[in-house]
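Bear in mind that the values in this text are calculations on the coordinates, not laboratory data. Computed from a predicted model, the values in this text were never measured in an experiment. Cβ atoms come from the backbone with ideal geometry, glycine included; neighbour counts cover every protein chain shown.
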Amino acid sequence: MKNQPFKRFYIDGFTGGGVALRKGSQDQVVTTARRILEIEPAFDGYHLVDFDVDKAAAMRLACVDRVQAVAYCGDANEILPPILESIRRSESKRALCFLDPYKILLSWKVLELAGRMGTIEGFINFPTLDIQRNVLRKDPSKIPPPGAARLTDMWGDDSWRQVAYAPQATLFGDVEEKQSIDALLAAFATRLKNVARFQHVSSPLVMRNNEGAIVYHLLFVTQQPLALKIANGVLKPYHQGKA
């Protein structure tokens, strides 16, 4: 990207505080945003967002040596749209986004805006564990309304219900049978292409916790086939369990 004739920006909607504690061992882990701030050559600008007051304050301290970096405290779904719009209004700007809420916290309006701009690419976390635990139930009539509302906001509408449950004929008539999370994930990737209009979406990378449970799936989205090829090359060792 450094050889391209445009300014490059990094946008992170859920930065954390710069340093996190690994569950179990309590080892310190440097967050993605903090690592990005240390990369050379630097981006032309950084927009780093976190809802937590203390984490946002820690990121402000981390930005001291990067005068072009700004740390915000607040809801990423409200802060990011005007930042994205500022990039869309300029033909000389491009941005790499990292949107990784571990829960269902990201709104579809942000994803759709980013996709339709044509100047944004990035990584998106599909919050698999939160969806499994707090939304989907074997009986769809028992889905918790708050969880359903959050998933509808992330999905853009309630069509996720038709993907998560399919009619199944039984001796007692048709019933709605819960489908695998893979079906929901595949449909979400399709929405990123067909509705949000990202031209390319990578294969999902499984992200697990220390107990081996799937926490989320990581997707890369872009308008450029070369960018997809590069991202797939980076992710391939992780898909194969060699990294």
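Cα centroids of segment 106-165 and segment 28-50: how far apart, whole angstrom? Value for the Cα centre distance between the two parts: 27 Å. Cα gyration tensor of segment 42-82, axes a ≥ b ≥ c as square roots of the eigenvalues: rounded (a/c below 1.5), prolate (a/b > b/c) or oblate? In terms of gyration-tensor shape, oblate. When the listed pairs Lys93/Lys229; Lys109/Lys193; Lys7/Lys193; Lys142/Lys178 are checked against a 19 Å cut-off, the alpha-carbon distance exceeds it for Lys93/Lys229; Lys7/Lys193.
Volume of the convex hull of the chain (Cα atoms only), normalised per residue: 148 Å³. On a 0 to 90 degree scale, rounded to 10, what angle separates helix 108-117 from the longest Cα axis of the chain? Between the helix axis and the principal axis of the chain, the angle is about 60 degrees. Using the Karplus relation 6.51 cos²θ - 1.76 cosθ + 1.60 with θ = phi - 60°, the per-residue 3J(HN,Hα) values for segment 10-17 come to 10, 10, 10, x, 9, 6, x, x Hz, with x marking Gly and Pro. Placing one equal scatterer on every Cα of segment 16-135 and applying the Debye formula, the log10 ratio I(q)/I(0) at q = 0.10, 0.18, 0.23 Å⁻¹ is -0.33, -1.08, -1.53. Using the Cβ-Cβ distance between Asp182 and Ala57 with R0 = 45 Å, the FRET efficiency computed as 1/(1 + (r/R0)^6) comes to roughly 0.70. Here is the P(r) of segment 65-155: all C-alpha pair distances, binned every 10 Å from 0, give 14, 41, 28, 13, 4, 0 in whole percents. In the chain, taking the dipole from charged Cβ atoms about the Cα centre, the farthest positive-side position among Pro5, Tyr46, Tyr216 is held by Pro5. Were the residues from Arg116 through Lys142 laid out at 0.36 nm apart, the gain over their Cα-Cα distance would be 5.8 nm. Peptides 136-147, 76-87 ordered by packing proxy, namely the average of other Cβ atoms within 10 Å per residue, highest first: 76-87, 136-147. For segment 87-215, the square roots of the Cα gyration tensor eigenvalues, ordered a ≥ b ≥ c, give a/c of at least 1.5 with a/b greater than b/c, which places it in the prolate category. Under 16 Å from the 7 Å Cα→Cβ point of Lys193, by amide nitrogen: which residues of segment 221-239? The answer is 221-229, 232. In this simple spin-label approximation, Asp44 and Tyr102 carry label points 7 Å from Cα along the Cα→Cβ vector, and these lie 3.5 nm apart.
Can you give the extra length, in nm with one decimal, that the chain gains between Asp153 and Ser92 once fully stretched, where that is 0.36 nm per residue apart less the Cα-Cα distance?
Details: separation 61, 0.36 × 61 = 21.96 nm, distance 3.14 nm.
Stretched out fully, the Asp153 to Ser92 stretch lengthens by 18.8 nm.
Using 20 Å as the cut-off for backbone N distance, which residues of segment 106-124 belong to the label zone defined by a point 7 Å from the Cα of Gln4 along Cα→Cβ? Flagged as within label range: 111-124. Could you tell me the calculated FRET efficiency between Val175 and Arg133, based on Cβ-Cβ distance and R0 = 22 angstrom, to the nearest 0.05? The pair Val175/Arg133 has a calculated efficiency of 0.45.
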